[in-house]
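Note sheet for the following structure.
Please treat every number below as a calculation from the coordinates, not as lab data. All values derive from a computational prediction rather than experimental measurement. We place every Cβ from the backbone using ideal geometry, glycine too, and count neighbours over all the protein chains shown.
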């Protein structure tokens, strides 16, 4: 597990401890909003822990009301970390869902029933409901092979439900956007706030923005699948978005200042080498990199 997720698990434990103070909560807000990578790490730990059934928070309750006082901070950390880094974490009712997670630099391939095969990218997580052939993408990226065994297979991203024909599909999810690209086959996207469905055919991509707007385009499939060969492709991409992607593959994270966030980059870059990437940025963008525990990029 990366130190970033360790820290996120520690914050999760601190916030759910009986002696959590207002200052603790304020310090957490500062840490959480410092970078999208930190926010994503905490959201992933929180999602997996709550999905495990360890805490059930209903309206009007705080988490500290639900978690027994006998559950120590150390136990919370241990449990959250174990769930976040285990290659396979099974929920209390295995018929409901099984969570699979990859660590930084890991890619794993696995089968969900006979209907779905998943290649899960680095620092990614899915929850599989095998009986219904439903896959929830919690965070990161996955290539999914779908085989129809009766009803259509489905992938869910937040409130979006994506029905798949037989074929191959690339999914990604971050705090900035989510996307599905049809490599082969067809897909249909539905959302409670949308009338009807949005159909996608081979070669099309749907990008889901934070406000649930959809953008449909036809990207280069070589760009979409570059991650399978150790690279990422950027096409006039905001630096903040590019850093989000690069950070999923490296333990030493990039932190992009607000002044540099909207600078644009293009090209193919090998991932897992954030130090080299930062040096390259200094060569063709008006930025300076400061190398510490993280790599801070600021505009000159």
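For the stretch 154-179, residues that are farther than 14 Å from residue 208 by Cα and touching a helix residue (DSSP H, G or I) at 6+ places or on another chain (Cβ under 9 Å) total 1. Of the residues making up the stretch 143-159, those that are within 21 Å of residue 125 (Cα to Cα) and in contact with a strand residue (DSSP E or B) (Cβ under 6 Å, 6 or more places away or on another chain) are 143, 144, 145, 146, 153, 154, 155, 156, 157. Which residues, counting only those in the stretch 265-300, are surrounded by fewer than 16 Cβ atoms within 10 Å (Cβ to Cβ), in contact with a strand residue (DSSP E or B) (Cβ under 9 Å, 6 or more places away or on another chain) and over 24 Å from residue 123 (Cβ atoms)? Scanning the stretch 265-300 gives 282, 284, 286, 288, 298, 300.
Of all the numbered requirements in (1) within 16 Å of residue 170 (Cβ to Cβ); (2) in contact (Cβ under 8 Å) with a residue 24 or more places away in the chain, residue 220 misses one, and that requirement is (2).
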